[in-house]
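Each remark here refers to the structure printed beneath this line.
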Amino acid sequence: MKKSINSILGMLVVMLFASSGPPSSSDSGVGIWISYSGDKMVEQRVDSLLSLMTLKEKIGQMTQFSANWSITGPVMSDDFKPYLDKGLIGSIFNATSVVGIRRLQQTAVDSTRLGIPILFGQDVIHGYKTIFPIPLAEACSWDLALMQRTAEIAALEAASDGINWTFAPMVDISRDARWGRVMEGAGEDPYLGSRVTEARVIGFQGGRGGASLGALHTLLACGKHLAAYGAAESGRDYNTAELSEHTLRNIYLPPYEAAAKAGVGTFMASFNEINGVPATADRWLMTDILRGEWGFKGFVVSDYTGVNELVPHGVAEDEQHAAELAINAGIDMDMTGATFIKYLKKSVEEGKVSEQAINNATSRILEMKFLLGLFDNPFHYLNEDRAKQNTMTPAFMEMARKAVAASVVLLKNEGAILPIPKEKAVTLTLVGPLMNDSINLNGEWSGLGDRNKSVPILKGLTEKYKESAVNLIYAEGSSIDETTPGRIAEAVTAARRADIVIAAVGESFHWSGEAAVRTDIRLPEAQRQLLQALKETGKPIVLVNLSGRPLDLSWEDEEMDAILQAWFPGTQGGHGIADVIAGDQNPSARLVMSFPRNIGQLPIYYNRKNTGRPVDLNDETVDYKSNYLDSSITPLYPFGYGLSYTTYAISDLSLDKPSMKATGDSITVTATLQNSGEVDGEMVVQLYVRDLVGSTTRPVKELKGFQKVPLKAGESKDVTFELRSEELAFHGIDMKKKTEPGNFKLWVAQSSDDNENETTFTVE
Ligand code: BGC
């Protein structure tokens, strides 16, 4: 490859300055560049390069375009090519393959004045080509090691294909199943959400902090979307989030803070406004909290045209004003909107943006490029052999299959109809629109996953039961939202020949994800008609539900014999689900989002407040209480709930002492777990507390610990939790985070509504 003279000169200057650059400006607080790595050598290299750059070139680094090779938002009219040719692009996303990316990198490095390499981003959300279950599903495994491992595999696969930055993990708390993006996160709980966030950041970046950035099996990660994107009113995407600082800090912010503390290198701003200020223009959030309080030192990218959108939000007069608000709030890079590159030079000249602000943003971005090794070798992620070697390997497939079995939640199992072992001489009639489907299995945000390569459930079951006593019949009966009396009749005829019917039903994959909001979260009418007709045959029915969100399964809960919530399970979906149906894997997953009884209950979550007129859950009809006239206030299936092929019991809950100090102290909680059934399994044991009196009202329950414990049939084990006083801290009446003295209840439980093992303690 032929390098341009300019590029060689540029590189030489960078190398020269590597050891003798001007002193770093990283010496004071918020507002001045403080390096992410703290590495003096890197700081010097950044400063040296910065000193060579024109204002326009610096702003170019703060500019990101989509190559539009895959589409993840409205296609913009600006062609990125002219910017690329002039060295005015810092990052490109949605460009794919080693060959394609090399072509773009070559232009940046060989044909521009300073030859600064480009950062290549992609939404590697739940896999790159090997697709794992959607993040919401995986979170139901409560298995942090597994989530870290799948993020590691996704990083290796993507980094081997030329990507160096993923826009993940999505860590938005979700309490409203109408919102389509609940599929991307870890559900409704801030404590679990924070632990999952850490596991995913560590998985993508190859460890805590940035030490492994630049290693070719890792990606730069991005905590998104800061903040409270999941609090969109009525679940409508991009909608207003109206919430108190109390709720923002105690419920929504903890997972983002966990990402910062785990060393995530970048954050993405959210589209929504919070309390009247769009996040993209919110200096309090993007600078005071993110950098000031949490000490974040990486860079912040806007969301897709998030800067431009400050105009329709009604806080910016025009796009120049929008760009000024964004950079002054703390946004370092503009995703696709081209506002920075078009207007910020003018804004600096007009004195509306300081050059220091531009220098800070550019330095943060350049530093990441140095840490990723792009200045040492801009092409080091680009190697066809590595791409071939690290794509959809047997080991990745095995992990994907394991992740499915770990993520499916058994919601109902009347008469222990499941599992159906290979030795059992039965006829199964397999029906439903998602039974012989591979297109939907990957769900949304599934990177470059080839939908045709995903294993349909029918295939999984056929392979599982071949040469077994189990006989299979298949009749589809309905597509996702259409059927005919003839198709239903065909399925009914097939069902009459069965001992058990297995119906794979659910949503189309693009009914969840971005801009995919539903106001009716029941199964579509066509599928309900099919199920109704099958029910009339009197045959037992096992429902396998695939969806990107909790659905309203109230009717199904009444009428079906078993329900397996299989989410969108990814590449190995069919095999993983067959493993569970046949009993080769015992389901151990537990819900991380409450399933409502009806849409009117939304938003619904277990860690609600008590109110001044709490309803008695044993008699919800009492008047003038916080209840409904036509529904229970409880969910159909609560947070933490999930069945197994065995049963578990918890007993002998004890504390090592009855009280602890408010700071630096802890209580050791011990309980005995027993697998009281006849099958080996894994139990997710959960620790909840309730702070009985606070300076502000406190949730009726809060998760403060969990463990996933393997137990052989009949086996008992003692588990211990160390409950630290700091875990009980919250932002109270003065908005300062502290642990308040007082009395607490504590439960070691199998789900958020399990009150059997309860005790109390005091914080002095
Ligand atoms: C989404 C982000 C995503 C970005 C790039 C946006 O529409 O909100 O989550 O990372 O597109 O694809």
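Overview of values
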| quantity | calculated |
| --- | --- |
| Qualifying residue in segment 62-78 (condition: away from the ligand (no atom under 16 Å from the Cβ), free of Cβ contacts under 8 Å to residues at least 24 places away in the same chain and hydrophobic (A, V, I, L, M, F, W, C)) | no |
| Subset of segment 344-396 (residues that are on the phi > 0 side of the Ramachandran plot and touching a residue at least 40 places away in the same chain (Cβ under 8 Å)) | Gly373, Met392 |
| Filtered residue count, segment 606-626, keeping only those that are within 31 Å of the chain's Cα centre (by Cα) and of a type in the set (Lys, Arg) | 2 |
| Segment 545-571 residues that are free of Cβ contacts under 8 Å to residues at least 40 places away in the same chain, paired with ones that are part of a helix (DSSP H, G or I) (beta carbon under 6 Å, 6 or more apart) | Glu559/Lys535 |
| Residue in segment 268-285 that is within 16 Å of the ligand (Cβ to nearest atom), assigned to a loop (DSSP other than H, G, I, E, B), at pLDDT 95 or above and surrounded by 24 or more Cβ atoms within 10 Å (Cβ to Cβ) present | yes |
| Pick from segment 660-692, criterion without any contact (Cβ under 8 Å) to a residue 60 or more places away in the chain and in a loop (DSSP other than H, G, I, E, B), ranking: surrounded by the most Cβ atoms within 10 Å (Cβ to Cβ) | Gly677 |
| Count of segment 67-94 residues which are modelled with pLDDT of 95 or more and open to solvent by less than 30 Å² (accessible area, probe 1.4 Å) | 9 |
| Residues of segment 195-251 that turn out to be buried (at least 24 other Cβ atoms within 10 Å of the Cβ), away from the ligand (no atom under 16 Å from the Cβ) and among the charged types (D, E, K, R), as a count | 0 |
| Condition check for Ala338: touching a residue at least 12 places away in the same chain (Cβ under 8 Å) and within 16 Å of the ligand (Cβ to nearest atom) | yes |
| Residue check for Gly574: crowded, with 24+ Cβ neighbours inside 10 Å, part of a helix (DSSP H, G or I) and touching a residue at least 40 places away in the same chain (Cβ under 8 Å) | yes |
| Out of Asn627, Asn586, Asn607, Asn598, sole residue that is closer than 21 Å to Tyr252 by Cβ and at pLDDT 95 or above | Asn607 |
| Considering residues of segment 128-143 that are crowded, with 24+ Cβ neighbours inside 10 Å and in a loop (DSSP other than H, G, I, E, B) only, the residue farthest from the ligand (Cβ to nearest atom) | Trp142 |
| Segment 144-182, residues that are under 25 Å from Leu253 (Cβ atoms), touching a helix residue (DSSP H, G or I) at 6+ places or on another chain (Cβ under 6 Å), more than 16 Å from the ligand (Cβ to nearest atom) and not in a helix (DSSP H, G or I) | Asp176, Arg178 |
| Enumeration of residues in segment 480-501 that are within 30 Å of the chain's Cα centre (by Cα) and surrounded by 18 or more Cβ atoms within 10 Å (Cβ to Cβ) | Ile480 |
| Top-ranked residue of segment 441-458 - restricted to ones that are in contact (Cβ under 8 Å) with a residue 60 or more places away in the chain and not in a loop (DSSP other than H, G, I, E, B), ranked as most open to solvent (accessible area, probe 1.4 Å) | Lys453 |
| Scope segment 719-758; condition under 29 Å from Thr647 (Cβ atoms) and surrounded by fewer than 16 Cβ atoms within 10 Å (Cβ to Cβ); matching residues | Thr720, Glu722, Asn755, Glu756, Glu758 |
| Candidate set: segment 664-703, residues that are among the charged types (D, E, K, R) and under 19 Å from Asn755 (Cβ atoms); chosen: the one nearest to the chain's Cα centre (by Cα) | Glu702 |
| Qualifying residue in segment 153-169 (condition: of a type outside the set (S, T, N, Q) and more than 25 Å from Gly73 (Cβ to Cβ)) | yes |
| Residue within segment 582-599 that is surrounded by 24 or more Cβ atoms within 10 Å (Cβ to Cβ) and either assigned by TED's automatic domain parsing to the domain that holds Val679 or more than 22 Å from the chain's Cα centre (by Cα) (or both) present | no |
| Check on Leu371, under 30 Å from Gly330 (Cβ atoms), in contact with an Asp or Glu (Cβ under 9 Å, 6 or more places away or on another chain), surrounded by fewer than 24 Cβ atoms within 10 Å (Cβ to Cβ) and among the aliphatic types (A, V, I, L, M) | yes |
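The rows are residues; the columns are (1) on the phi > 0 side of the Ramachandran plot; (2) among the basic types (Lys, Arg).
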site	(1), (2)
Glu444	no, no
Glu467	yes, no
Arg487	no, yes
Ala504	no, no
Phe509	no, no
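The values are calculated or read from the model by the stated rules, or taken from the named source; none is laboratory data. Everything numeric here is computed off the predicted structure, so don't read it as measured data. Ideal geometry is used to build each Cβ from the backbone, glycine not excepted, and the neighbour counts take in all protein chains shown. All accessible areas refer to the heavy atoms of the entire protein, side chains included, with ligands and DNA or RNA removed. Shrake-Rupley method; radii C 1.70, N 1.55, O 1.52, S 1.80 Å.
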